[in-house]
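Trainee: Before we start, here is the structure in question, set down as structure tokens.
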Amino acid sequence: MSEIPHMLANFENALKEARESVLRMASIAEQNLECAVRGLLTRNSELCNEAIVEDDEVNNLERKIDADSFEILMRYNPVASDLREVIAGMKVANNLERISDEAQNIGRRAKKILKHPEISEVALIEPLYEQALSLLRDSMKAYAEGDNDLALSLYDRDRELDAAHKKVIRDLTRSIDNEEVRVKSFLHLIFIVRSLERVGDHAVNIAEDGIFLESATNVRHLGPEKAAEEIEAS
């Protein structure tokens, strides 16, 4: 067998494995987020514990992706779309690790809330969670399928999440003023809301990495209109 075809096969397999690791990492990070929030909403501390423990698996996968990606860069010296594949994968993995960190934070705070009597304000979390989860899922779909239109749609949806986040913070702040006895629970809810808002931010970053992979265009910090112009010009 010729050495060149053999190296090409190894290169393709390495790229495939790295991409599969990123997708697996996304699945676990999403599951961690679901467990943390569902644990809070259903008062199930075991689900919260699962989100906390499984964050280690996400961390391990990020380290593996970094190591594998550096190995690809050093051994095969990829160019063009292959190089973008490696770089985008590492960036996506970094954002997924941070999303899982937010899920772990939510799980830890949820467990503290569950030590106290139930409060109705917990229900305010669910709509924000649904928005954040949808952003995460669609960001990964845009990345995996090279769907720039879907990626661009996340900008406006993240703004909606930001607006909802601010409203819930205001509502929870008023609750603190009216019910000082349960201040700690309300403060934990405020931090959980902030974590969900950050999940949306990381989802937008992932969508931007997908655009970079698909169109060789860096659209970070440009916003939807300029990003669309850059994609069109690429």
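Only the coordinates and a few stated rules stand behind these numbers; no lab work does. Source: prediction; values computed, not measured. All Cβ positions, even for glycine, are placed from backbone atoms using ideal geometry, and neighbour counts span all protein chains on display.
Trainee: Straight distance only, please: which lysines reach the Cα of LYS111 with their own Cα at less than 25 Å, same-chain residues fewer than 8 apart left out?
Mentor: Candidates past the 8-residue exclusion: LYS166, LYS167, LYS184.
Trainee: For the chain, give the magnitude of the charge dipole about the Cα centre (Cβ charges: +1 Lys/Arg, -1 Asp/Glu; no others), in debye to the nearest 20.
Mentor: Approximately 980 debye in magnitude.
Trainee: Please report the relative contact order for segment 3-233, taking Cα pairs under 8 Å with a sequence separation of at least 6, and give it as a percent rounded to a whole number.
Mentor: Dividing the mean separation by the residue count of segment 3-233 yields 23 percent.
Trainee: Can you give the alpha-carbon Rg of the chain over 2.2 N^0.38 Å, where N counts its residues?
Mentor: Computed over Cα atoms of the chain, the ratio equals 1.14.
Trainee: Rank ILE125, ILE113, GLY146 by how far each Cα sits towards the positive end of the charge dipole of segment 98-146 (+1 on Lys, Arg Cβ; -1 on Asp, Glu Cβ) and give me just the farthest.
Mentor: So the residue we want is ILE113.
Trainee: Relative contact order, percent, of segment 115-221 when contacts are C-alpha pairs under 8 Å separated by at least 6 residues?
Mentor: Worked out over segment 115-221, it gives 40 percent.
Trainee: Sticking with this structure for a sec: Using a cut-off of 14 Å between alpha-carbon atoms, which aspartates and glutamates can reach LYS112, once sequence neighbours fewer than 8 places away in the same chain are excluded?
Mentor: Excluding near neighbours in sequence, the set is GLU46.
Trainee: Starting from the Cα gyration tensor of segment 1-116, take the square roots of the eigenvalues, sort them a ≥ b ≥ c, and report rounded, prolate or oblate (rounded when a/c is under 1.5, otherwise prolate if a/b is larger than b/c, else oblate).
Mentor: Prolate.
Trainee: Measure nothing fancy, just the Cα-based angle from helix 80-113's long axis to the longest principal axis of the chain, in degrees from 0 to 90, nearest 10.
Mentor: 20 degrees
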